[in-house]
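Below is one structure, written out as structure tokens; comments come after it.
The values are calculated or read from the model by the stated rules, or taken from the named source; none is laboratory data. Just so you know, these numbers come straight off a predicted model, no measurement behind them. Please note: Cβ atoms are built from the backbone with ideal geometry, for glycine as well, and neighbour counts cover all protein chains shown. Keep in mind that these areas ignore ligands, DNA and RNA; they rest on the heavy atoms of the full protein, side chains included. Shrake-Rupley method; radii C 1.70, N 1.55, O 1.52, S 1.80 Å.
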Amino acid sequence: MVEGHEAVERLERLTGMLRRRGVILPAFEIHGGAKGLYDFGPVGGRLRANVQNVWRDHWLSQGDVVEVSCPTVTPFAVLEASGHVAEFSDFMTVCQACNEASRADTMLEDHHPNPDALSMADLQALLDDVRPSCPSCGASEWSPIVAENLMFDTVIGAGSSGRPAFLRPETAQGMFTTYPAIYRHFRERLPFGAMQLGRGYRNEISPRQGMIRLREFNMAELEYFIDPESDVVPDLSAWSATSVQLVPADGEAFEGTIPKALADGIILHPTVAWFMARTYDLMMSLGVHATKLRFRQHARDEMAHYALDCWDVELHGSYGWVECVGIAHRGCYDLEAHERATGQRLRAWRTYPEPKIVEIDGWTIDGAKAGPAFRALAGQVKAKVETLAADTVFPASIVLDGGDEVTVESEHVKRVQRTESVAGEWFIPHVVEPAFGIDRIIWHLLDHAYEESGAGEEMYVRMRLHPDVAPVDAAVLPLFEKEGMGALASEIHRRLCATRGVLASYDGSGSIGRRYARADEIGVPCCLTVDHTSLEDGTVTWRDRDTGEQTRMSVDDAVQRLASR
RNA sequence: GCGCACAUGAUCUAGUGGUUAUGAUACGAGGUUCCCAACCUCGUUACCCGAGUUCGACUCUCGGUGUGCGCACCA
């Protein structure tokens, strides 16, 4: 996956540095480590927090989005309703000849219209019956099927009273299950969004590629609920000059603007286009390189069956193009699924522009007469009668669902004639979901920002992180730790750290050049150096990470500048 | 999950069935230095875990764990 010898070495130097400096490191290493689990260390912790804050502020700025936080432990029934129990299970079988593991349903596709939907027992029976040949060696002796569930399972409560549960594989379900509260919060008016930053869990068969495939990961999802019949179109004019790389499901990759791709029918839905555009802005404000970002549309057969359109944001880095964001139009799938499973109403009310006048003209039963006449069948008779046309002549013979035929006399029925005014209707909102893999994004921020210059012993490393996400805002460096310069620098350091939103580090060891280098390596955007002049007039030099340029300014100005960023 | 390879200070690495296990960088203390990994002195830190073979294992064998790569998997 990693291409080229030089790229592999760069990747090794980068990951080595991230470990050494406490940015990202394997978790539980003193116990031997655990696959697919990573720590954000003393430097990485704030990097992650900064990325999450930029993400949070970006979406909250829309004004119609709220943040919620739901449990990671999720009852079985929730994920059964959402389809995850079925979707996240693969039925594996192992070839007895060559030990190659294969998915049973994949091998049986030619023998059943939809083997993916079969129960484990039925699939086993079909496998025994068909005995497909192994795609690897051609033999056809298979081990019994084993269910591989990609979700971590657990139990809520102890002993026999415990309810089966999973650690959530995505945060989205929490937004769907809490939909009624969100709907109420927004005074029952679409569109609106709910978002959540949190952890998700997938018991991956084989975590690989460092931070790219994790078993526990940080994700951030936004569920934007819309009225499918609304003709309000988001204003995309702000992006009419922003060219992005687009890879449509059919056709060649090209560069173009999002509004044009929508107008040309390549992007299928205006709200999807809106979130693509907003996501592009977010990626830029995090420091992603525009040339290393592309939108790739899912092919029809790649999309979940309910999705109406889906675009991934892929970022390019040491592992090639990696899916980091998915922007999916999920239709009404999720709310409908939970509604079906619970019987709760997960809908929104749509008021018609004009109330609809409905003429009701038909029949119903006269309970006092029909009840005694039909006794146990009265309910069924009522249902049937209410479907009869207004011009039905009684007595009439009708056939009930059970096959019984009854004769309904005119005394059993009453004419119903009235005019009703219907103000609106309930409908299931559609959902557009941008879902972000925070760890993957952070990885690419680091990968894009990491810059080496020189070679061998002379190599110099600079992490050109965006100042909004840089783990440390400023380094305070006394030129020498004597004659009061150290004390003054310590004072400035404390003052900066006491300033809301600012984190500074103090470094007094080694030559000044070495300390600049240490700061550059983890991407500290500026260094404030205290020298002899500082002792005289209270100024410091502000050194810019990227240019190395120094500006002399008062301590107050420097603090002010950092605080207002 | 299968196969191949690898595992030595904080990092990168040398090396050995037998005394005190290399080197560099980094880190710490001191000195020097008026701004970009300089220099001098001193110092701290390591053979992944567990069993086995052996008088003796960091070294050999097996198992585990982790890492990389290939296959499979990836809502």
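A few comments on the model shown:
- Sole residue being assigned to a loop (DSSP other than H, G, I, E, B), hydrophobic (A, V, I, L, M, F, W, C) and crowded, with 16+ Cβ neighbours inside 10 Å, chosen from A:Ala241, A:Ala249, A:Ala261: A:Ala249
- A single entry from A:Gly484, A:Gly456 fulfils the requirement of being within 15 Å of RNA strand B (Cβ to nearest atom) and touching a helix residue (DSSP H, G or I) at 6+ places or on another chain (Cβ under 6 Å): A:Gly484.
- For region A:516-565, filtered to residues that are open to solvent by less than 20 Å² (accessible area, probe 1.4 Å), assigned to a loop (DSSP other than H, G, I, E, B) and not hydrophobic (A, V, I, L, M, F, W, C), the residue that is nearest to RNA strand B (Cβ to nearest atom) is A:Arg545.
- Taken residue by residue, region A:397-413 has at least one member that is buried (at least 16 other Cβ atoms within 10 Å of the Cβ) and not aliphatic (A, V, I, L, M).
- Residue match in region A:351-359 (condition: at pLDDT below 85 and of a type in the set (Val, Ile, Thr)): yes
- Meeting the requirement of 1 or more residues that are modelled with pLDDT under 75 and more than 14 Å from RNA strand B (Cβ to nearest atom), the helices (runs of 4 or more DSSP H) wholly within region A:76-154 are A:120-130.
- Some residue of region A:227-236 being in contact with a helix residue (DSSP H, G or I) (Cβ under 7 Å, 6 or more places away or on another chain), among the hydroxyl-bearing types (Ser, Thr, Tyr), in contact (Cβ under 8 Å) with a residue 40 or more places away in the chain and open to solvent by 10 Å² or more (accessible area, probe 1.4 Å): no
- For region A:525-547, residues that are without any contact (Cβ under 8 Å) to a residue 24 or more places away in the chain and under 15 Å from A:Pro467 (Cα atoms) total 3.
- Residue selection: A:Pro429 fails the criterion of being under 19 Å from A:Met284 (Cα atoms), at pLDDT 95 or above and not hydroxyl-bearing (Ser, Thr, Tyr).
- When residues of region A:159-193 are limited to those that are open to solvent by less than 10 Å² (accessible area, probe 1.4 Å) and more than 17 Å from A:Glu339 (Cβ to Cβ), the one nearest to the chain's Cα centre (by Cα): A:Thr171
- Residue list for region A:18-38, restricted to those being surrounded by 14 or more Cβ atoms within 10 Å (Cβ to Cβ) and closer than 22 Å to A:Ile205 by Cβ: A:Pro26, A:Ala27, A:Ala34, A:Gly36, A:Leu37, A:Tyr38
- Considering region A:492-515, the residues that are within 11 Å of RNA strand B (Cβ to nearest atom) and closer than 30 Å to A:Arg10 by Cβ include one that is most open to solvent (accessible area, probe 1.4 Å), namely A:Arg514.
- Considering only residues in region A:418-446 that are touching an Asp or Glu at 6+ places or on another chain (Cβ under 8 Å) and of a type in the set (Phe, Trp, Tyr), the one that is surrounded by the fewest Cβ atoms within 10 Å (Cβ to Cβ) turns out to be A:Phe427.
- Just one of the listed residues (A:Val502, A:Val469, A:Val524) is closer than 25 Å to A:Met284 by Cα and out of contact with any strand residue (DSSP E or B) (no Cβ under 9 Å at 6 or more places or on another chain), and it is A:Val469.
- Check on A:Ala504, in the same structural domain as A:Ser230 (by TED's automatic domain parsing) and modelled with pLDDT of 95 or more: no
- Every residue from region A:437-471 that is in contact with a Gly (Cβ under 8 Å, 6 or more places away or on another chain), closer than 17 Å to A:Arg518 by Cα and part of a helix (DSSP H, G or I): A:Ala449
- Only one of the listed residues (A:Ala475, A:Ala489, A:Ala449) is open to solvent by less than 10 Å² (accessible area, probe 1.4 Å), of a type outside the set (Val, Ile, Thr) and within 27 Å of the chain's Cα centre (by Cα). That residue is A:Ala449.
- Any hit, region A:2-25, residues being closer than 20 Å to A:Leu214 by Cβ, within 14 Å of RNA strand B (Cβ to nearest atom) and either outside the structural domain of A:Arg213 (by TED's automatic domain parsing) or at pLDDT below 85 (or both): yes
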